1. Using a 10 angstrom Cβ neighbour count of at most 14 plus a DSSP loop assignment to flag exposed trypsin sites (Lys or Arg not before Pro), which longest range of chain C is free of such sites?
2. Lysine pairs in segment B:300-439 8 or more apart or on different chains: how many have alpha carbons under 20 angstrom apart?
3. So how strong a dipole does the protein assembly as shown carry about its Cα centre when Lys and Arg Cβ are +1 and Asp and Glu Cβ are -1, to the nearest 20 debye?
4. How much mean residue ellipticity at 222 nm does the protein assembly as shown get from its helices, if each DSSP H run of length 4 or more adds -39500 (n - 2.57) and you divide by all residues, to the nearest 500 deg cm²/dmol?
5. Lysines within cross-link reach of residue B:527: Cα-Cα under 18 Å, excluding same-chain residues under 8 positions apart?
6. Enter the mean number of other protein chain beta carbons within 10 Å of the beta carbon of each residue in C:122-130, as an integer.
7. Within the set of other residues whose C-beta is less than 12 Å from the C-beta of residue A:35, count the net charge using Lys and Arg as +1 and Asp and Glu as -1.
8. Treating the angle as unsigned and between 0 and 90°, give the value, to the nearest 10°, between the Cα long axis of helix A:146-156 and the longest Cα principal axis of chain A.
Amino acid sequence: MNLTLKIWRQTDAVDKGKIHTYAISGISQDMSFLEMLDVLNEQLNEQGEEPVAFDSDCREGICGMCSLMINGEPHGPEVTTTCQLHMRSFNDGDTITIEPWRSGAFPVVKDLVVDRSAFDRIIQSGGYISANTGSAPEANSVPVPRDNAVRAFNVATCIGCGACVAACPNGSASLFLGAKITHLGELPQGQPERWSRVVDMTAQHDHEGFGGCTNIGECAAACPKEIPLDVISQLNKDLRTAMRHGH
Amino acid sequence: MTDMPDTTLTSDRSHDEPSPGQYDDAAGYYTLGEPIADTKAPAGDIADRWQTRKFEARLVNPANRRKLSIIIVGTGLAGGAAAATLGEAGYNVKSFCYQDSPRRAHSIAAQGGINAAKNYKEDGDSTHRLFYDTVKGGDYRSRESNVYRLAEVSTNIIDQCVAQGVPFAREYGGLLDNRSFGGVQVSRTFYARGQTGQQLLIGAYQAMERQVKLGTVTEYTRHEMLEVIVADGQARGIIARDMVTGEIETHLADVVVLASGGYGNVFYLSTNAMGSNVTAAWRAHRKGAYMANPCYTQIHPTCIPVSGDHQSKLTLMSESLRNDGRIWVPKKAEDCGKDPRDIPEEDRDYYLERIYPSFGNLVPRDIASRQAKNMCDEGRGVGPMVGDFRRGVYLDFKDAIARLGKDAIEEKYDNLLDMYERITGENPYEVPMRIYPAVHYVMGGLWVDYDLQSTIKGLFVTGEANFSDHGANRLGASALMQGLADGYFVLPHTIRDYLADGPFPEIGEDHPAVVEARADVEGRIEKFLSINGNRSVDSFHRELGHIMWEYCGMERTAEGLRKAIDMIRELKREFWSDLKVLGTADSLNQSLEKAGRVADFIELGELMCIDALNRRESCGGHFRGESQTEDGEALRHDDEFAYVAAWEWGGQDGTPILHKEELVYTAIEMKQRSYK
Amino acid sequence: MANPVTTPGSKRPTLVDGARASRTSIALKLLMALSGLAFVGFVLGHMYGNLKAFSGHDAFNEYAYHLKELGEPMLPHMGFIWIMRGGLLLALIIHVACAIELTRRARKARPVQYVVKKHTGAIPASRLMRWGGLTLFLFIVWHLVNFTFGKVNVETGETGDAAGDPYNLLVDTFDVWWMTLIYLVAMAMLGAHLHHGVWSSMQTLGLTGTAEARARVKTISFALAIVIAGGFSLVPIAVLTGLID
Ligand SMILES: Cc1cc2nc3c(=O)[nH]c(=O)nc-3n(C[C@H](O)[C@H](O)[C@H](O)COP(=O)(O)OP(=O)(O)OC[C@H]3O[C@@H](n4cnc5c(N)ncnc54)[C@H](O)[C@@H]3O)c2cc1C
Ligand code: HEM
Ligand code: SF4
Ligand code: FES
């Protein structure tokens, strides 16, 4: 396959950055998207141009490190992560535009790499159950109804990639936030801190500069883990309830 | 391979070392040092040792803890759990990882599950049985006190994780579910669908983030540790590079913990993450920490095969697929390029069923892997040519689909088969899947005593980065157990005994050890950027991986290993003279990061080959062609090799020094494993 | 040591202290939803009144008059109307203020735009809320000038009481083709606003916690949007086509 790549290049956080165009050939359908970029980087290195910086680590769709806005869609056209996207989703002769996640809360570090530490701070603000090591009761002493356990698991599969933010026209991180609120709120262990958690985490979310949700739904469509919009409903409900509880 | 004594292959190097056994394959490549022993495990009944040690380990007054600082490199299960727990205890913790968030450590990729001797199924499980299974699974090459302790604390892990909100699979009654795993006869594996590692890591990560909020843990993400500072005989800090600004930072503390994961990426292609590296451990090794059993590598039989030279990483498919799939290759090499559906039944070789009639497709990991390699070496591999070779065997669900129906198979393996299709573009319900073994885990690592302290005072090592619990082979679902055991329940107790002597005298940035470490790091970086040769880092890494896989992979021979050592030495020379790294030191520079890692992998690769060369026996994941039974089974030599090989860095131009730790079993009897 | 709650080495945001639920963006959204739903209630009533036009001159005027004395003698003359106007004004202020604040935050949240951006998963109405809202606002202003406070009869050019009784004003207005057009455009916008808005308000109130609930509410939103936009459009169309005169 021969492709034209339009890639955002930006030397550092202060640089203004712009799109560069590269031609690349000899790409096989079996390559993953990131392997295609590896090939480009080999080529650039050979030509004496600095390789394009992009994030990835596990390359099996679970760590959440990879990102990339590919032709206007986070993680590209399939419901998966960029590292699991393969070139057979593209055609010979295609032009592919590759940009970093765009969010004020995710400043660009270099080229396609952004800083997602805002997500860590949202978790710090309350995304946990306070259980000091060694203080836990016997695991089976609190049964968890299977439906709750299943729902908690389903939303706990969020990989913190930030595609939801990248997709959202409001730059909101409500899907990520709602996934954590729902995960912990669904479990008996998560009840004691439930109301303070939702308030603290939402306040941190706003403080980081993420926008407010207007329920457009692009986040859920972009999410590689198919976290459903329910979690935002749950988030809203929990916040409303927290208000009633005087938080 | 031959079973004959091989005398023609001895090295042409000088033989002034004492000969430890009948053969000294590695003679000339190493120096024999003093034996080494673990001095921390208390004597007495194995079941009491941990209680005794916990009691004897000195305490640190809560008011003093704030004054004691701990550096933890790594935020996987081992590092994340330790940071959370030590933070809760009130110590002043600094946590480092190279990813942009602690939550992305490679523990996140573990699929299958985590073992614990809860005996919820009332099927006869117990601490002792888990201990026994783990030692046996490790082919009697692990230290029994450590393994017993692991089994002992395993149950606490599950309690802790449940309290943190880890959504384990549950039964309809709301209680925890278990499955059996990795060929043991009890059901003791706790799991969260196929994402157990992710859920456990998120639990540890959240606990750690809570401490960040409380101010006991400070996290340094996108920071790569490049050197350990050893001042006056004690580990007192690290040199790290801020990967965004390029700044070289000095971090000082009273104690340093390495939880930096495994080094499977020395093979270039593995199931590890792109950034998994040996740098943290290797830098410590060069400063005096011994590296134990570096050649013990686990190669997993069911991974998606390499599809071309561009391949950057391999993906694991759960072992459970072997329960229903049948493994075969064509009988005739000329059929290998054909559509498998056109190959008639009589021309197929179900080689595992043929060679191991009783175990069939369910032979242990190492056997299944080695036989797949043998088939491909014979020229009967399938799938696309990669280089001059087809690397793959079929895993066929046709019979299972006929027997159970497509729906049943879909329900059982759905997401795995989908993942396969996404990666290969082939529909496994119609075309047999192709699988091939891949490097998955390393049992070797930095040597530690019962306290998890390395041979550098004040340098503790946990998780996959140490060598202690899995011997020569790791059982499924026990790495997660070890990581969390070390992090939550072991290290926090043992480290206090060391810290009870602290705070240690302040050292400043002008301490000679600090100055030297910084200068080393800066010098190396400058060197990488100034070689200005022709070859990219990746090309060296790929070549190293090739050598390692070919000669230090599933089957090792003295001849091959010697050849590999020569090739690696040549590669090292070329690396340092023909490397091309563009960009600058003071910005995000991924080629520069990789250069540092590959430089260390090259040195590690050589040591792995020497270790493999020295160990002229087959045990667990280490298979020496020269040491097998008549029917090709691994053959241990307990009389000669029942020891841990702890290697000391012998200097840039010297040979590594071998220290042997004798393995003594008091609670268990050494037996030859048998699969017949 | 660095301030423990900041990530050292850079000027990154810190953790929020003393968070209040009422200060969050979700609280803004709740206000938005409640005020929006108040509008929905109002427009449903309003639509019912408008459709009275089909019953003829007297019935319509009587209805308009009836509103003025609703609640008497407990309320003074025009009491109900003024209470409603007060409520609606308050809702309008809240709704618009929150809309402006949320828009401001959304702008700030994405300072650099994408070169290429697809909108997978979004219905067009959802991305039209702000422009649609602005259109509705302008329309409401004109609408009030037209029928309520200014009473402008564009056909006769009269204003105030001279513009005619409610029914005549209505008929005269929609006899003018471009007035009908403006009105219909506004109703299309209202339809779109409600197509997304009703679902959105249910989601904001946390009432769509399952896939089924979500699907149900989306259908209801769509139906309500059609009913309201359609219902309001009937009268002007009828006037223009001479069905009502
Ligand atoms: C695909 C796959 C599936 C697996 N499935 C299972 C399973 O089902 N059950 C099981 O028990 N085990 C499984 N394992 C093994 C298990 O996941 C690992 O052995 C274990 O998670 C290792 O944990 P760790 O904490 O030691 O290291 P890791 O989780 O690898 O963490 C390493 C940490 O060190 C940091 N680090 C490394 N180098 C540096 C440096 N130089 N500077 C700064 N930071 C550094 C990294 O950022 C990271 O935070 C699996 C492994 C793989 C690859
Ligand atoms: C003054 C003119 C108006 C403006 C500027 C305006 C603007 C907005 C904006 C920006 C939103 C938020 C976007 C979103 O949630 O997707 C919104 C939501 C909404 N609007 Fe309006 N609007 C106006 C009038 C109306 C009217 C007349 C109605 C009802 C008849 C209405 C009903 C709603 C509803 C129900 C919502 C959803 C609230 C929620 O998301 O929770 N709005 N409006
Ligand atoms: S909710 Fe989905 S898109 Fe958002 S961070 Fe989690 S996995 Fe990524
Ligand atoms: S690199 Fe880990 S999810 Fe893509």
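1. C:21-245
2. 8
3. 3200 debye
4. After summing the helix terms and dividing by residue count, I get -13000 deg cm²/dmol.
5. Residue B:527 reaches B:572, B:580, B:594.
6. Across the residues of C:122-130, the mean count of other-chain Cβ atoms within 10 Å is 3.
7. -3
8. 40 degrees
Values in this text are rule-based calculations from the coordinates and carry no lab data. In this text, all values refer to a predicted model and were calculated from it rather than measured experimentally. A quick note on method: Cβ atoms are made from the backbone with ideal geometry, for glycine too, and the neighbour counts reach across all protein chains shown.
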